[in-house]
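Enquirer: Below is the structure I would like to discuss, written out as structure tokens.
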Amino acid sequence: MRDLRLTTAFRDATAAALLAALLALPMLGFQLTGTAQGLTLDTRFPWVGYAALTVFCGRLALSLAGQILAPLFKAKLSLPFLLAAPPGRLRNIAGWTMVVLAIGLPLTPFTDRNLLDKATLLLIYVMLGWGLNIVVGLAGLLDLGYVAFYAVGAYSYALLSQNFGLSFWLCLPFAGALAASFGILLGFPVLRLRGDYLAIVTLGFGEIVRVILLNWQDVTNGPVGISGIQRPSFFGLPFLASQPGHTTFHEFFGIPFSTEHRIYFLYYLILALALTTNIFTHRIRRLPIGRAWEALREDETACRSLGIDPTKTKLSAFALGAMFAGFAGSFFATRQGFISPESFTFIESAIILAIVVLGGMGSQIGIVLAAILLVGLPEWFRELQQYRMLAFGGAMVLIMLWRPRGLLANREPTLRLPPLAAENPGERPK
Amino acid sequence: MDYFLQQLINGLTLGAIYGLIAIGYTMVYGIIGMINFAHGDIYMLGAFISMIGFLLMGVLGITFLPLALLLVLLIAMVFTALYGWTVERLAYRPLRGSVKLAPLISAIGMSIVLQNFAQVAQGARVKPLPPIIKGSIQLSSANADYPVTLSYLQIVIMLVTIALMLGFSWLITRTSLGRSQRATEQDMTMAALLGIDVDRVVSTTFVIGAALAAVAGLMVTLYYGVIDFYIGFVAGMKAFTAAVLGGIGSLPGAMLGGLLIGLIEAFWSAYFSIEYKDVAAFSILILVLLFRPTGLLGKPEVEKV
């Protein structure tokens, strides 16, 4: 056993504890309490001590663990083998396993309503992640307002079904098309912008859409939102105990009525939608347009000089990415039965972007893993309430520090050059 | 005309506050090329610390107003700067030189952390503070219903902003710290080779940005009299818009952008609709970027192949 540098560790820990105490002094040491007479100041200095003590122990444990584990890290023993960028084959197997697991999930005995509800929510985020991946991961355009398209999809389904009585399946293409046209609408002004200018314009766009939804009372019903949205039917067969003049789902199939049918149906519906997104992305990467996106991401100038039209390429990425958000939005509206601008705030955009980046920019399986980490896990800790969001933000920072390139960083190349012909070595560039 | 003048005064006051926050965005962007999403929340912490400072002055019995203001200003600047320094050290420095989106996500995470930290530590309720600087000057009373007033508080806000701007420009253009900062901004690697401690320069940038945000937080506490843990997001977004409007990376641009956003908001709320003032600010940003893709005072990017 090597000797541990205890003094250094102690010095670091003391410095960190002092800093923590200073930081905690105003925010934790004092508390603003509202009373009938106005604001009063209470003190709770013990909290400062607790904060300092926690940081001291944490920092000490971290540096000691670092010193003990450092040799192990050097031997690369601690890297979980799945995360160590599996080759394409392994990734394929993992992907198919996930699909089989997802399809089989509702059939397992331990699955209940609650679990399926959470899995459905998770799949919405996976689908949104895959959709945004087209814009951010493939085309390399930073979009901080993706939730706007999600909102457009949700509101178009809600309004179409309420005002014209259209069914979910009829509205779905409408919602997708409308969201896609919003994507093009956003795409036009930002064509000339790069990187961070794009970020603020997309962020602003998301806010504009939200503010309009909030204030256009006549159409969107403002902050109250739209309730009583038509629930989905099984291709025309409603999930109801009985409906006069209509055959319901359980009557048609001759099975006893259960409220769980709808939950199962919704789960498989979003699974199908998400998988469609995935397959679409997977296939389009092999088409000229998909290759143009990835080329544009790598080098715009080179693309232009090779005759790729950046306008068309960028707009199509925005439109297609937005379309999938529109689909997901429609699904969200029909699942909840109620929507309001509350559900489409910037934080949602941030979560979706975080899923894409943490997943490893362009990696489809990585997005699933990141969605499970960022959306699935916190769902289980709902009771913690405000501490949950604190931990959520902290986890976002920690994962980024741990793997700055995302969970599955190595991007599978879309095209490999054929191995150089061994029989004519003369053709090899010197 | 009177109404217009009044809105001009209100808009300039608001713009001064946005400008101070925008400087933090633009400086950080200029040096390490990242959007510091947590900056709005640093400003929110500044507002909270100022409010705690004012109540503390009351408890300690310091009633001489200028002294109390100065002390609170100092307290807010020091502690907020400490928060800014810590955020950079914990969440951004390890990611420097990594892929471009990594610090952005880390910053969004940090923003969520700070917001919820304030909520957990101080409660979710809105915190009201009675007005501290009272009184105003009546500029014109041609119309008895709408007298044009310039409150002492607005004068203080503008004076403090101008003083800070002057001091800050002096810091950037005349001192050795400013010189190393400008050098780092131009070329980080070369600056490091020439013996500039780049880490320290970046740290100071965050400290200065946070201190200016603290001043903005103090002013907002005085001006509106109510704060909550969520103010950082909205103000941060406006200030970021201001920084981009002025040309991100340009310090005069940040101030100009701040004033413009403040004026747009004031006039739009006054003449059109208060609900859509954010839409107006963003629409004008998009319009400006259509014609000047690098903002009003931003240098056009020269791309070398």
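The values are calculated or read from the model by the stated rules, or taken from the named source; none is laboratory data. Fair warning: this is a prediction, and the values are worked out from it, not measured in the lab. Here the Cβ is made from the backbone with ideal geometry for all residues, glycine too, and neighbour counts use every protein chain on show.
Enquirer: Would you be able to say whether some residue in region B:87-108 is within 10 Å of chain A (Cβ to nearest Cβ), touching a Phe, Trp or Tyr at 6+ places or on another chain (Cβ under 9 Å) and under 27 Å from A:LEU41 (Cβ atoms)?
Expert: There is at least one residue in region B:87-108 that is within 10 Å of chain A (Cβ to nearest Cβ), touching a Phe, Trp or Tyr at 6+ places or on another chain (Cβ under 9 Å) and under 27 Å from A:LEU41 (Cβ atoms).
Enquirer: Ok, one more. Does region A:296-311 include one or more residues that are closer than 30 Å to A:TRP169 by Cβ, in contact (Cβ under 8 Å) with a residue 12 or more places away in the chain and part of a helix (DSSP H, G or I)?
Expert: no
Enquirer: Filter region B:137-162 for residues that are touching a Leu at 6+ places or on another chain (Cβ under 8 Å), modelled with pLDDT of 80 or more and not in a helix (DSSP H, G or I); which is nearest to B:LEU218 (Cα to Cα)?
Expert: In this case the residue turns out to be B:LEU150.
Enquirer: I want to confirm something. Restricting to region A:104-114 and keeping residues that are loosely packed, with under 14 Cβ neighbours inside 10 Å and of a type outside the set (Gly, Ala, Ser), which single residue is farthest from A:VAL368 (Cα to Cα)?
Expert: A:PRO109
Enquirer: Hey, can you tell me all the residues within region A:184-200 that are part of a helix (DSSP H, G or I) and touching a residue at least 24 places away in the same chain (Cβ under 8 Å)?
Expert: Hits for region A:184-200 are A:ILE184, A:LEU186, A:GLY187, A:GLY195, A:ASP196, A:LEU198, A:ALA199, A:ILE200.
Enquirer: Looking only at residues in region B:101-139 that are charged (D, E, K, R) and in contact (Cβ under 8 Å) with a residue 60 or more places away in the chain, which one is surrounded by the most Cβ atoms within 10 Å (Cβ to Cβ)?
Expert: B:LYS127
Enquirer: Starting from residues that are more than 7 Å from every other protein chain (Cβ to nearest Cβ) and not in a helix (DSSP H, G or I), keep the ones in region B:257-295 and report whichever is nearest to B:ALA235 (Cα to Cα).
Expert: Among those that are more than 7 Å from every other protein chain (Cβ to nearest Cβ) and not in a helix (DSSP H, G or I), it is B:ILE274.
Enquirer: May I pose another question? Looking at this structure, is B:GLY84 in a helix (DSSP H, G or I), crowded, with 19+ Cβ neighbours inside 10 Å, more than 8 Å from chain A (Cβ to nearest Cβ) and small (Gly, Ala, Ser)?
Expert: Criteria met by B:GLY84.
Enquirer: Let me ask you something else. So which residues in region B:123-159 are over 22 Å from the mean Cα position of the chain (by Cα) and of a type in the set (S, T, N, Q), if there are any at all?
Expert: B:SER136, B:GLN138, B:SER140, B:SER141, B:ASN143, B:THR149 - these are the residues of region B:123-159 that are over 22 Å from the mean Cα position of the chain (by Cα) and of a type in the set (S, T, N, Q).
Enquirer: Now, a different point. Could you check how many residues of region B:25-35 are crowded, with 24+ Cβ neighbours inside 10 Å and either touching a Phe, Trp or Tyr at 6+ places or on another chain (Cβ under 8 Å) or hydrophobic (A, V, I, L, M, F, W, C) (or both)?
Expert: 4
Enquirer: Quick test for you: out of A:ILE124, A:ILE93, pick the one residue that is assigned by TED's automatic domain parsing to the domain that holds A:TRP380, modelled with pLDDT of 85 or more and β-branched (Val, Ile, Thr).
Expert: A:ILE124
Enquirer: Then there is this: Exactly one of these conditions fails for A:TYR387: (1) farther than 18 Å from B:PRO103 by Cα; (2) outside any helix (DSSP H, G or I). Give me its number.
Expert: For A:TYR387, the exception is condition (2).
Enquirer: Does A:ARG335 qualify as being out of contact with any Phe, Trp or Tyr (no Cβ under 8 Å at 6 or more places or on another chain) and either free of Cβ contacts under 8 Å to residues at least 24 places away in the same chain or closer than 23 Å to A:LEU138 by Cβ (or both)?
Expert: Criteria not met by A:ARG335.
Enquirer: Kindly indicate which of B:GLY53, B:GLY84 is under 22 Å from B:ILE208 (Cα atoms) and touching a Pro at 6+ places or on another chain (Cβ under 9 Å).
Expert: From the options B:GLY53, B:GLY84, the qualifying one is B:GLY53.
Enquirer: May I ask you to verify whether B:LEU71 is in a helix (DSSP H, G or I), away from chain A (no Cβ under 11 Å) and touching a Gly at 6+ places or on another chain (Cβ under 9 Å)?
Expert: Judged against the criteria, B:LEU71 is a match.
Enquirer: Next question, about the same structure. Keeping to region B:257-291, report how many residues are under 11 Å from B:TYR18 (Cβ atoms) and surrounded by fewer than 20 Cβ atoms within 10 Å (Cβ to Cβ).
Expert: 1
Enquirer: Only one residue in A:ILE229, A:ILE200 is surrounded by 14 or more Cβ atoms within 10 Å (Cβ to Cβ), within 25 Å of A:ILE270 (Cβ to Cβ), within 26 Å of the chain's Cα centre (by Cα) and not basic (Lys, Arg). Which one?
Expert: A:ILE229
One line per residue, one yes/no per condition, for (1) out of contact with any Pro (no Cβ under 9 Å at 6 or more places or on another chain); (2) away from chain B (no Cβ under 14 Å); (3) at positive phi; (4) aliphatic (A, V, I, L, M):
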position: A:ALA158; (1), (2), (3), (4): yes, yes, no, yes
position: A:PHE174; (1), (2), (3), (4): yes, yes, no, no
position: A:SER181; (1), (2), (3), (4): yes, yes, no, no
position: A:LEU185; (1), (2), (3), (4): yes, no, no, yes
position: A:LEU198; (1), (2), (3), (4): yes, no, no, yes
position: A:VAL201; (1), (2), (3), (4): no, no, no, yes
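Enquirer: For region A:153-166, check the following and say yes or no: at least one residue is modelled with pLDDT of 85 or more, of a type outside the set (Val, Ile, Thr) and closer than 29 Å to A:GLY406 by Cβ.
Expert: Checked against the condition, which is being modelled with pLDDT of 85 or more, of a type outside the set (Val, Ile, Thr) and closer than 29 Å to A:GLY406 by Cβ, region A:153-166 yields at least one hit.
Enquirer: Among the residues of region B:114-136, how many are part of a loop (DSSP other than H, G, I, E, B) and more than 7 Å from chain A (Cβ to nearest Cβ)?
Expert: 8
Enquirer: State all residues of region B:194-216 that are surrounded by 17 or more Cβ atoms within 10 Å (Cβ to Cβ) and more than 21 Å from B:PHE79 (Cβ to Cβ); if no residue qualifies, say none.
Expert: B:ILE196, B:VAL198, B:VAL201
Enquirer: Name the residue, out of A:LEU32, A:LEU22, A:LEU62, that is within 14 Å of chain B (Cβ to nearest Cβ), modelled with pLDDT of 75 or more and not in a helix (DSSP H, G or I).
Expert: Just a single option satisfies the conditions, and that option is A:LEU32.
Enquirer: Of the residues B:ALA191, B:ALA254, which single one is assigned to a helix (DSSP H, G or I) and crowded, with 24+ Cβ neighbours inside 10 Å?
Expert: Checking each option against the conditions leaves just B:ALA254.
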